[in-house]
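The values are calculated or read from the model by the stated rules, or taken from the named source; none is laboratory data. Values in this document were obtained by computation on a predicted structure and should not be read as measured data. Quick reminder, even Gly has a Cβ in these numbers, built from the backbone with ideal geometry, and neighbours come from all protein chains shown. Note: accessible area is taken over every heavy atom of the protein model, side chains too, but ligands, DNA and RNA are not part of it. Shrake-Rupley method; radii C 1.70, N 1.55, O 1.52, S 1.80 Å.
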Amino acid sequence: MRKSISPLFRGMPFLLATAFIASPFVFAQTAGPTQPASLTLATAENTALLNQPRMLAAQQRARAAGEQIREARSADFPTIGFNTTGVRVADPGTATAAGNITTSSISDRFAYGGTLSQLVTDFGRTHALVQQSRDQASAQADLAILTRAQVRLNVRTAYYQVLGAEAVLRAAQSAKATRELVAHQLTELSKSELRSTLDVQFATVLVEQADLAVVQAQSLVAQDRAHLATAMGLQQSIAAPLADESPAGDPLPASPDSLQHDAQTQRADLQAAVAQQSAAQHYAEAEQRLSWPKLTVLAAAGQIPYHDATLHDDYAAAGFNLNIPIFNGGLFAAQRAQAAHEASAAARDTQQVRLEVNEQVQSAWYRAEEAFQSIAVTAKLVAASREALRLAQDRYDAGLGSIVELNEAQLNETSAEIQAADANYTYLTRRAQLDFATGQLN
């Protein structure tokens, strides 16, 4: 909640601000030459989803995670390479000996050919790694959905914040006009000695307070419009009028419990946590198969157009390799244990996210319920303050009340008007937060 912008608005609530998608946004023009068309909430959200850098970055990360599946699956496909080698030796008797158990002669040659390597089986390790990659890609896609919901929430919050600030500005301008009229009347009456100069001074003070409140409200409107532009992914502030198409919404469900199922099944961050838990489990399965054998078939063939007498014109060979790990200093055992602990931690993380989602739904529901009830309460407050102002005005006109009493009634009536104007947009903002908490903004 923002603080009141002057003593005139003492106790006034303001809309909550949420800090938190590429083509420029162009407003359509109306029949008037300089009057831009109204910006609707749907247009603002669509613009943000196209322009917001956070949204675009999340989409790219989701695509990048999808490529990891291809990377993991590549181990199931053959590896084919082409090689060409040319050698010229200084001495036909040259051989390598140091660093090798057997010596190897080197001969003049130019050869080219291909090699093929195909994994036959690693007893499920590659399959487990592919499943892990799929789960990670699914988690990243869920995070992109979460980003989309956050972008929509930010736009809605900023949109309603602008509408609320403009409602406050209109109330401040109305109060200023009323007090200027009262001050003018008192000034004329004081000239006829029907009112004292003290009454005129009190009225003048209220006019100056109202003028200051208008200046501050205008500044808040400009700030909120700049915040809306940022939420929409635009650099220039929004100048178009906003379409006030959303009166106070429907009543909330009877209790937050009825919303818990939707939240547990629709919240993108919870779905991402579940996918990350599954990825950790599949990785632990892959690490358990590290000590299992690995069978690979190999083949090579080519030609040697230039060679010495010890070589033939071409060559071809095929074979297999069976790798059975025996001992590597406990490396595989440590990797298996590490992966198992990470999988267990991921399961606990998922449980924590479930608890947080449950709490967020309850908190958002209670806040929205408070704001919804405040709409009716502030309406009654406006009616009561208007009646009190009317009575105070009648008492003052009859000479039974003081200017201080009248001024206090004016302050209370203005404060009530502002609270009522702000109440609808506060409820709409908190309803948007509840929709986000239950996954409705996905």
Within-13-Å neighbourhood charge of E285 [Cβ basis; K, R +1; D, E -1]: -1
Cβ charges +1 (Lys, Arg) and -1 (Asp, Glu), total dipole of the range 46-128, debye: 420
Accessible area of the chain divided out per residue, in Å², using a probe of 1.4 angstrom: 55
Among 252-259, 50-57, 363-370, the order from most to least packed when residues are scored by Cβ within 10 Å on average: 363-370, 50-57, 252-259
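If Rh is defined by the Kirkwood formula over all Cα pairs and Rg also comes from Cα, what ratio Rg/Rh do you get for the range 230-295?
Dividing the radius of gyration by the Kirkwood radius yields 1.33.
Over all distinct alpha-carbon pairs, what is the Kirkwood Rh of the range 251-328 in angstrom?
Numbers: mean 1/r = 0.0520 Å⁻¹.
Computed over the range 251-328, the radius equals 19.2 Å.
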Cα-based shape type of the range 259-418, given that a ≥ b ≥ c are square roots of the gyration tensor eigenvalues and the cut on a/c is 1.5: prolate
Fully extended contour minus Cα-Cα distance, from E67 to N328, at 0.36 nm per residue: 90.8 nm
Placed amide H near R195: partners under 5 Å, 5+ positions off or other chain: S190
Neighbourhood charge, 12 Å Cβ-Cβ cut-off, centred on A48 and excluding it, Lys, Arg +1 and Asp, Glu -1: +3
Label selected from (1) 18, 32, 23, 15, 9, 4, 0; (2) 23, 58, 18, 0; (3) 22, 52, 19, 5, 2, 0, the criterion being P(r) over Cα pairs in 20 Å bins from 0, in percent as computed here: (1)
Cβ-based charge dipole, the chain, positive-most Cα from N412, S192, Q140: Q140
Cα-based shape type of the range 127-183, given that a ≥ b ≥ c are square roots of the gyration tensor eigenvalues and the cut on a/c is 1.5: prolate
Charge tally in the Cβ shell below 14 Å around S117, where Lys, Arg are +1 and Asp, Glu are -1, S117 excluded: -1
Pairwise FRET efficiency - D76 versus T310, Cβ, R0 = 45 Å, nearest 0.05: 0.70
Q351 paired with L189, simple spin-label distance in nm, labels 7 Å along Cα-to-beta-carbon: 7.3
Sulfur and carbon atoms: percent of accessible area, the chain [1.4 Å]: 56
Packing rank of 428-440, 405-417, 97-109, 225-237, where each peptide gets the mean count of other beta carbons within 10 Å, highest leading: 428-440, 405-417, 225-237, 97-109
Efficiency of FRET from Cβ geometry, V297 and D91, R₀ 35 Å, rounded to 0.05: 0.40
Overall form of the range 341-442 per C-alpha gyration tensor (a/c, 1.5; a/b vs b/c): prolate
